[in-house]
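Input: a single structure, listed below in structure tokens.
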Amino acid sequence: MDWGIFRPTKPAALCIALLGLSFLFMTFRLTGAVSNLRTFLLYWISPVELVTGESMGYVSGFGEKLVSMVQAHRENAELREKVLKASLLETQYNELVQENARLRGLLNLNDSVPFTAQSARVVGRDPLNWTHAVWLNRGLNDGVRRDSPVLAVGPMDSGAGEGVRGLVGRISECSGNASKALLMSDPLSSVAVSIPRIGELGLAQGQGSYITVEYLELTSQAQPGDTVVTSGQGGVFPAGLPVGTLSHVEVSPSGFRRAVLKPSVSLGGVREVLILNMARAKD
Amino acid sequence: MKWQWHFWLLTVLGVFILHLTVAGNIAIFQSSPNFLLLATVFFAVRGGPVRGEILGFIWGILSDISSTSIFGSQAFMYTFIGYIVGKLERMVDENKLSAQMVLVLVMSFLNLAGLAFFETLFTGSAQRFKDSYGFLTPFYSTLLCPLFFWVLFKWSALFRRTDLKVKAL
């Protein structure tokens, strides 16, 4: 019998062993042993990703940095003036916070989920899944934890300086000094959202290259152009974070209405982000 | 023997770092060349099935860790491709570039199909592969194949790899 290239030989036996091992990894990828192995390997690989990503960032952005230096000098003067105004606003803000706490106390409302924020830079992407995950230069040592929300920051469309542009995704894996953020467009990503104009809730679901808002009622008044924000349900994302706008509404095969979501930020081009470190019960 | 380890260690790390840094930065329409697959094919054609499958497995695992694909799926596909290409080494002229380009194109599509299959098998749908831009990846890899093979050829020659068939491209 002629086996051709599949003739049983030592290379074939080794191939079968490696294929078997790979298949075992796939089958038991969610178990503790394989997850721990992956975390262990990630611990060693993340510095490589971090260093190379940072280096490429410096090289590829050299021209932009030169222009930025010139602009920075001009902006510095403007910002000094804004800081003076901000100190006045801060006083007003503190007064409002105290007033808000007093009124919440009177109404017996629970405190909203407290969180702190820290900035991070995108240092790498998954070349095979460009719009699915990004590497960030902050990790466990910086207090980043799994499921922390990730927001895009940058110049606002309104021209009101820098600000939060919208939700990007959540942290899916962390190592010492780096972390991997799962973008909203990844099929594994789901975000509980609401449409403030009509007060309706839905679920923003990644579809690979686009995002949909699922489980809208059949009688939903949602229409293209409606703003979508996080609803705060599910405990992962705080309420009110901008997610995007609806671009198309249709009836889905599941019997609900479904809308295609245009994200507030271009997920393929996000560079600087804000990671929210939320105090969770398990922490 | 010492050079042996240096060569393979530097090659494995170098190609992986190249894949992480360069591939993403030269993406066109969200598609980037797959340097790991190209390197697996290069060494399998010249070194045989054992080298092909071992290098494929290592690069596959490294790629699995740094991406969001099913853990083990890329290791499976690169191992398989490394073995198949290695077994074809006698049939493919390692000096004939067009033959290798066709091999890369076929193996790239095989890789995509395999990854989509595992995605469907383990998650129920191959959502990540519905993006039409993804199908540009095999063509992009094939286009860069001559340049990348030339770089690997020069790199191997630098270490005077007599056990690899690095005669002339």
So A:GLY235 clears everything in (1) under 30 Å from B:GLY24 (Cα atoms); (2) exposed (fewer than 14 other Cβ atoms within 10 Å of the Cβ) except one condition, right? Which one? (1)
With the checklist (1) open to solvent by 20 Å² or more (accessible area, probe 1.4 Å); (2) closer than 24 Å to B:PHE71 by Cα in hand, flag the one item A:GLN223 doesn't pass. (2)
Do we find that B:TYR140 is in a helix (DSSP H, G or I), more than 24 Å from B:TRP8 (Cα to Cα), among the hydroxyl-bearing types (Ser, Thr, Tyr) and modelled with pLDDT of 85 or more in this structure? yes
Hits in the range A:16-53 (condition: within 30 Å of A:ARG121 (Cα to Cα) and of a type in the set (A, V, I, L, M, F, W, C)): A:LEU30, A:VAL34, A:LEU37, A:PHE40, A:LEU41, A:LEU42, A:TRP44, A:ILE45, A:VAL48, A:LEU50, A:VAL51
May I ask you to verify whether A:ALA204 is among the hydrophobic types (A, V, I, L, M, F, W, C), touching a His at 6+ places or on another chain (Cβ under 9 Å), open to solvent by less than 10 Å² (accessible area, probe 1.4 Å) and modelled with pLDDT of 85 or more? no
Only one residue in B:ILE70, B:ILE54, B:ILE58 is open to solvent by 50 Å² or more (accessible area, probe 1.4 Å), facing chain A (nearest Cβ under 8 Å) and in contact (Cβ under 8 Å) with a residue 24 or more places away in the chain. Which one? B:ILE54
Can you name the residue in the range B:102-127 that is part of a helix (DSSP H, G or I), at the interface with chain A (Cβ under 9 Å from one of its Cβ atoms) and over 21 Å from B:PHE57 (Cβ atoms) and is also least open to solvent (accessible area, probe 1.4 Å) among such residues? B:GLN127
Taking the range A:207-226 and keeping residues modelled with pLDDT of 90 or more and either hydroxyl-bearing (Ser, Thr, Tyr) or in contact with a helix residue (DSSP H, G or I) (Cβ under 7 Å, 6 or more places away or on another chain) (or both) leaves A:THR212
Residue list for the range B:68-101, restricted to those being among the basic types (Lys, Arg) and in a helix (DSSP H, G or I): B:LYS87
Would you call A:LYS180 of a type in the set (D, E, K, R) and modelled with pLDDT of 85 or more? yes
Just to be sure, is B:GLN30 farther than 25 Å from A:LEU183 by Cα, modelled with pLDDT under 90 and polar (S, T, N, Q)? no
Test set (1) at pLDDT 90 or above; (2) under 17 Å from the mean Cα position of the chain (by Cα); (3) surrounded by fewer than 17 Cβ atoms within 10 Å (Cβ to Cβ) - A:GLY240 fails condition number: (1)
Just name the residue that is nearest to the chain's Cα centre (by Cα) out of those in the range A:188-201 that are within 14 Å of chain B (Cβ to nearest Cβ) and modelled with pLDDT of 85 or more. A:SER189
Show the residue pairs that are 6+ apart or on different chains and have beta-carbon atoms under 6 Å apart, the first residue being within the range A:9-29 and at the interface with chain B (Cβ under 8 Å from one of its Cβ atoms), the second being among the charged types (D, E, K, R) and buried (at least 19 other Cβ atoms within 10 Å of the Cβ). A:CYS15/B:GLU53; A:LEU18/B:GLU53
Hits in the range B:38-51 (condition: more than 10 Å from every other protein chain (Cβ to nearest Cβ) and either within 26 Å of A:PRO8 (Cβ to Cβ) or open to solvent by 10 Å² or more (accessible area, probe 1.4 Å) (or both)): B:THR40, B:VAL41, B:PHE43, B:ALA44, B:VAL45, B:ARG46, B:GLY47
Answer from A:LEU66, A:LEU21 - the residue that is modelled with pLDDT of 80 or more, assigned to a helix (DSSP H, G or I) and open to solvent by 60 Å² or more (accessible area, probe 1.4 Å): A:LEU21
Every residue from the range B:15-30 that is touching a residue at least 12 places away in the same chain (Cβ under 8 Å), within 11 Å of chain A (Cβ to nearest Cβ) and within 25 Å of B:GLU53 (Cα to Cα): B:PHE16, B:LEU18, B:HIS19, B:LEU20, B:VAL22, B:ALA23
Filter the range A:30-42 for residues that are in a helix (DSSP H, G or I), farther than 18 Å from B:HIS19 by Cα and at the interface with chain B (Cβ under 10 Å from one of its Cβ atoms) and give the result. A:VAL34, A:SER35, A:LEU37, A:ARG38, A:THR39, A:PHE40
Across (1) modelled with pLDDT of 85 or more; (2) part of a strand (DSSP E or B), A:ARG165 clears everything bar (1)
Can you name every residue in the range A:191-205 that is touching a residue at least 24 places away in the same chain (Cβ under 8 Å) and either hydroxyl-bearing (Ser, Thr, Tyr) or within 17 Å of A:PHE237 (Cα to Cα) (or both)? A:VAL191, A:ALA192, A:VAL193, A:SER194, A:ILE195, A:PRO196, A:LEU201, A:GLY202, A:ALA204
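The values are calculated or read from the model by the stated rules, or taken from the named source; none is laboratory data. Note that this is a predicted model, so its numbers are computed, not measured. So basically every Cβ, Gly included, is an ideal-geometry build from the backbone, and we count neighbours across all protein chains shown. Keep in mind that these areas ignore ligands, DNA and RNA; they rest on the heavy atoms of the full protein, side chains included. Shrake-Rupley method; radii C 1.70, N 1.55, O 1.52, S 1.80 Å.
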